[in-house]
Amino acid sequence: MKQHNYFTYIVTNHKKIVLYTGVTNNLEQRIAEHYINRGDDNTFAGKYHCYYLIFFERYQYIDQAIAREKQIKGWTRKKKETLINEENPQWRALNEDIMEWPPLDPSLRSG
């Protein structure tokens, strides 16, 4: 049986002021998209330059990941900070732990 991976994640900006919570089935690709879209005012994460991964959880089923995303989004900033601090007390960017960083813009790839 195929193992499915879905992720609920939190990214922040350089000054760690803004928190963005999302869900994806491909964490590396999604973080790369946030990075490539930095500065894009058409997206929340892009507008606030949120591409530093500081927290993530893996789920086998998409409905679990979506439920967790909704739960976290409903929390206060303080409760989100507590969650992050439990797993990543330094709020260290985890980008390099999960992928090649920084990601190469797809438009620059040869092939």
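Quick note: the coordinates plus some simple rules give every number you see, no bench work behind them. Given the structure is predicted, the values throughout are model-derived calculations rather than measurements. Please note: Cβ atoms are built from the backbone with ideal geometry, for glycine as well, and neighbour counts cover all protein chains shown.
Tell me the relative contact order for the range 6-104 as a rounded percent, counting alpha carbon contacts under 8 Å between residues six or more apart. Display every interim value, and only then the final one.
Working: 151 pairs, mean separation 30.4, N = 99.
Once divided by the residue count of the range 6-104, the mean separation gives 31 percent.
Filter the trypsin sites (Lys or Arg not before Pro) in the range 1-102 to those in DSSP coil with at most 11 other Cβ atoms within 10 Å of their Cβ, and list the result.
Working: sites: 2, 15, 16, 30, 38, 47, 58, 68, 70, 73, 77, 78, 79, 80, 92; in loops: 2, 15, 16, 38, 92.
Sparse-neighbourhood loop trypsin sites (Lys or Arg not before Pro): 2, 15.
Pull out the extension gain between residue 14 and residue 41, defined as 0.36 nm times the separation in residues minus the alpha carbon to alpha carbon distance; nm, one decimal. The partial results should precede the final answer.
Values: separation 27, 0.36 × 27 = 9.72 nm, distance 1.67 nm.
Difference between extended and current length: 8.0 nm.
Could you work out the per residue convex hull volume over the alpha carbons of the chain, in cubic angstrom?
On the way: hull volume 13.9 nm³, N = 111.
Per-residue hull volume (Cα only) is 125 Å³.
Taking residue 47 as the anchor, which lysines have their alpha carbon closer than 16 Å to its alpha carbon, excluding any fewer than eight residues away along the same chain?
Hits, sequence-local ones excluded: 15, 16.
What chymotrypsin sites (Phe, Trp or Tyr not before Pro) in the range 40-111 are in a loop by DSSP, with at most 13 other Cβ atoms within 10 Å of the Cβ?
On the way: sites: 44, 48, 51, 52, 55, 56, 59, 61, 75, 91; in loops: 48, 51, 61, 75, 91.
Loop-located and lightly packed - 61.
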